[in-house]
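This report concerns only the one structure given below.
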Amino acid sequence: MARVLVAERISSAGLDVLRDARHEVDVRLGMSPADLVEAVPGAQALIIRSATQVTAKVLAAGEDLVVVGRAGVGLDNVDLAAATQLGVTVVNAPLSNVLSAAEHTVALILSQARNIPQAHAALVAGRWERAQWEGIELAGKTLGIVGLGRVGRLVAERVAGFAMLTVAHDPYVSVEQARELRIELVSLPELMARSDFVTLHVARTPETIGLIGADLLASAKPGIRIVNVARGGLVDEEALAEALRGGRVAGAALDVFDGEPIESSPLFGLPGVVVTPHLGASTAEAQHRAGVNIAEQVNDALAGGFVPFAVNIEARQAPDILRPYLPLCEHMGGMLAEIVGGLPDAVELEFWGHIGDHDPSIARLATLKGLLATATRTNVTYVNAPLMAAETGLRTVTHSHVAPRDFLNEVVVRGGGTELVGTLLGVRGDPYVVKVNGVAINVRPSRHMVMITNEDRPGIVGAVGTILGEGGVNIADMVLDCTGGRSSISLMMFSTDRHVPEAVAQRLRETPGVLTVTAIRLGTIGKSGSAAR
């Protein structure tokens, strides 16, 4: 059970998902920045929407934070660099409001084209003004879509029903992909020169702030109309207002503004301008989806698993075939650190069989997570594992082979003169290490273990058991190597109820016939991923 601090309102269904996972849900709405800094200590998860600013100060105060969840799409209000440095996973709900945002975009296009809000305001004020609010038809007009992602594509599908032509600008979409959508890709200046309407669907980044500014507006098609339901700041509001007053731009419709919430803008009150207070995701369906989606991801993060929509994890996807192998990779990384006695200079990973035919990036992260967490005894997550590896100078090399070896699928972790081979066994696919330095031994990793190499002769197993018992260490499981006496050296692996103290380990080393003793304490098994930083 973890404490989940909910700083902004999310759907009751989302809160129920958290409570069903037996987490303590601490709802505190309307907190000031100072209140948030005081409230976040002791919380393992923080859920926000767009109003709460998760600064480096907030993240530093939340020493137990595992995850920050944004119940929505944009992440302008979260310090991603600070979160990554601290190993805090940041997740959002990118699919929750795409349909609502697309529909609101179309609503604003129609409202702007037909002056619906202005006509409504005049009529309820007692003025019948038919001539003043003459509009235009959409049929035959060209819509320029800046950003052909999920929302942009949905908008394109919907305006096709109005017989609009579409062009788009998106440097991350290929010509072939656009052609499949029956959309022509063009440069941004060409899009502005050809479009009757332009709608924005890009993220707010240093490169996109002020994307639609005075220069582009000056060269745009006369009578162009600008629509923004994406993020505030993409449009230079002063430049747009000037272009509207000068007649170069015929109209605008904005749902988002720079520095929200706002009470004034140079666009307010101008004829032909329609504005709404960031309503793109404000539908019952979108809020339900956002609350449930973010709660599910917070639960995944608190359980220590891979989170599909984590925005600050190097590997953004985990192939289905690889997901069951992630705990195995993490355990093997931890075992390697203990056997080697710290961090090796380099780690070599091999993937054999069906898993070798898929991108191993997430499995590499899992291995680094276990290796670094065990070696450093600090909080290591999928988020900060690459950064910590780079800081320590740890090099990784990955090889994939589609051909199977002894098992259908195998993972090999090699470093510091030690090689571990692992796979999943049984109907439940339990993780097992099946070889240690070439010696076959089927051992299931556990929190506390001890590995012993010894001369293969009678009496040693009994002596080891006696010493462990006298040291107050209970044996939960014991596995011997599978050589069947074909070697003079034997390997034993014990799972114990607690870490083997150094004094007990030293007694084992002094036992006649015992060659090496390695006490193993895996920092990641049995944890929720919420180790203190």
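The values are calculated or read from the model by the stated rules, or taken from the named source; none is laboratory data. Small disclaimer: the values here were computed from a predicted structure and weren't measured. Ideal geometry is used to build each Cβ from the backbone, glycine not excepted, and the neighbour counts take in all protein chains shown. Protein only, heavy atoms only, side chains kept; ligands, DNA and RNA dropped before computing areas. Shrake-Rupley method; radii C 1.70, N 1.55, O 1.52, S 1.80 Å.
Screening the range 56-101 for residues that are polar (S, T, N, Q) and assigned to a helix (DSSP H, G or I) and picking the one that is nearest to Glu8 (Cα to Cα) gives Ser100. Filtering the range 229-239 for residues that are open to solvent by 20 Å² or more (accessible area, probe 1.4 Å), of a type outside the set (Asp, Glu), outside any loop (DSSP other than H, G, I, E, B) and out of contact with any strand residue (DSSP E or B) (no Cβ under 7 Å at 6 or more places or on another chain) leaves an empty set.
A single entry from Asp320, Asp258, Asp300 fulfils the requirement of being without any contact (Cβ under 8 Å) to a residue 60 or more places away in the chain, under 26 Å from the mean Cα position of the chain (by Cα), surrounded by fewer than 22 Cβ atoms within 10 Å (Cβ to Cβ) and part of a helix (DSSP H, G or I): Asp300.
Inspect the range 405-412 for any residue being open to solvent by 20 Å² or more (accessible area, probe 1.4 Å), outside any helix (DSSP H, G or I), touching a strand residue (DSSP E or B) at 6+ places or on another chain (Cβ under 9 Å) and closer than 21 Å to Thr84 by Cα and give the result as yes or no. No; the residues of the range 405-412 include none that is open to solvent by 20 Å² or more (accessible area, probe 1.4 Å), outside any helix (DSSP H, G or I), touching a strand residue (DSSP E or B) at 6+ places or on another chain (Cβ under 9 Å) and closer than 21 Å to Thr84 by Cα.
Before we move on, is Ile362 among the aliphatic types (A, V, I, L, M) and either within 19 Å of Arg428 (Cα to Cα) or open to solvent by 20 Å² or more (accessible area, probe 1.4 Å) (or both)? Spelling it out, it is not the case that Ile362 is among the aliphatic types (A, V, I, L, M) and either within 19 Å of Arg428 (Cα to Cα) or open to solvent by 20 Å² or more (accessible area, probe 1.4 Å) (or both).
Being among the polar types (S, T, N, Q) and closer than 19 Å to Val198 by Cβ holds for only one residue in Ser265, Ser282, and it is Ser265. If you go through the range 339-352 and keep only what is outside any loop (DSSP other than H, G, I, E, B) and open to solvent by less than 40 Å² (accessible area, probe 1.4 Å), you end up with Ile339, Ala346, Val347, Leu349, Glu350, Phe351. Output the residues belonging to the range 96-115 that are touching a residue at least 12 places away in the same chain (Cβ under 8 Å) and aliphatic (A, V, I, L, M). Correct list: Val98, Leu99, Ala101, Ala102, Val106, Leu108, Ile109, Leu110, Ala113.
Within the span defined as the range 203-214, every residue fails to be under 18 Å from Pro117 (Cβ atoms) and among the charged types (D, E, K, R).
Quick check on my filter: what residues within the range 1-49 are in a loop (DSSP other than H, G, I, E, B), under 22 Å from the mean Cα position of the chain (by Cα) and either free of Cβ contacts under 8 Å to residues at least 12 places away in the same chain or within 15 Å of Val292 (Cβ to Cβ) (or both)? Correct list: Arg9, Ile10, Ser11, Ala21, His23, Arg49.
Among the residues of the range 184-199, write down those that are surrounded by 23 or more Cβ atoms within 10 Å (Cβ to Cβ), among the aliphatic types (A, V, I, L, M) and not in a helix (DSSP H, G or I). Scanning the range 184-199 gives a single hit, Val198.
Output yes when any residue across the range 24-34 is open to solvent by 30 Å² or more (accessible area, probe 1.4 Å), among the acidic types (Asp, Glu), touching a Lys or Arg at 6+ places or on another chain (Cβ under 7 Å) and closer than 15 Å to Val88 by Cα, and no when none is. No, because not a single residue in the range 24-34 is open to solvent by 30 Å² or more (accessible area, probe 1.4 Å), among the acidic types (Asp, Glu), touching a Lys or Arg at 6+ places or on another chain (Cβ under 7 Å) and closer than 15 Å to Val88 by Cα.
Candidates are the residues of the range 142-152 that are open to solvent by 10 Å² or more (accessible area, probe 1.4 Å) and within 23 Å of the chain's Cα centre (by Cα); the one that is nearest to Leu99 (Cα to Cα) is Val151.
The residue list Ala102, Ala56, Ala60, Ala39 contains one member that is at pLDDT 95 or above and within 30 Å of Gly161 (Cα to Cα), which is Ala102. Of all residues in the range 153-165, those satisfying the criterion of being assigned to a helix (DSSP H, G or I) and open to solvent by less than 20 Å² (accessible area, probe 1.4 Å) are Val155, Ala156, Val159. You will find that of Gly462, Gly471, the residue that is more than 21 Å from Ile339 (Cα to Cα) and surrounded by 13 or more Cβ atoms within 10 Å (Cβ to Cβ) is Gly471 and no other.
For first residues located in the range 385-410 and over 26 Å from Leu343 (Cα atoms), partners that are among the acidic types (Asp, Glu) and lie 6+ apart or on another chain with Cβ distances below 6 Å form the pairs Val402/Asp357. Taking the criterion of being of a type in the set (S, T, N, Q), assigned to a loop (DSSP other than H, G, I, E, B) and buried (at least 16 other Cβ atoms within 10 Å of the Cβ), the residues of the range 267-294 that qualify are Thr276, Thr283. Looking at the range 375-397, is at least one residue touching a His at 6+ places or on another chain (Cβ under 8 Å), among the small types (Gly, Ala, Ser) and either open to solvent by 60 Å² or more (accessible area, probe 1.4 Å) or at negative phi (or both)? For the range 375-397, residues touching a His at 6+ places or on another chain (Cβ under 8 Å), among the small types (Gly, Ala, Ser) and either open to solvent by 60 Å² or more (accessible area, probe 1.4 Å) or at negative phi (or both): absent. Which residues, taken from the range 102-141, are in contact with a strand residue (DSSP E or B) (Cβ under 9 Å, 6 or more places away or on another chain) and either assigned to a loop (DSSP other than H, G, I, E, B) or exposed (fewer than 14 other Cβ atoms within 10 Å of the Cβ) (or both)? Scanning the range 102-141 gives Asn115, Ile136, Leu138, Gly140, Lys141. Here Arg225 fulfils each of the conditions (1) at pLDDT 95 or above; (2) open to solvent by less than 30 Å² (accessible area, probe 1.4 Å) apart from (2). Scanning the range 35-75 for residues that are open to solvent by 30 Å² or more (accessible area, probe 1.4 Å) and among the basic types (Lys, Arg) yields Arg49, Lys57.
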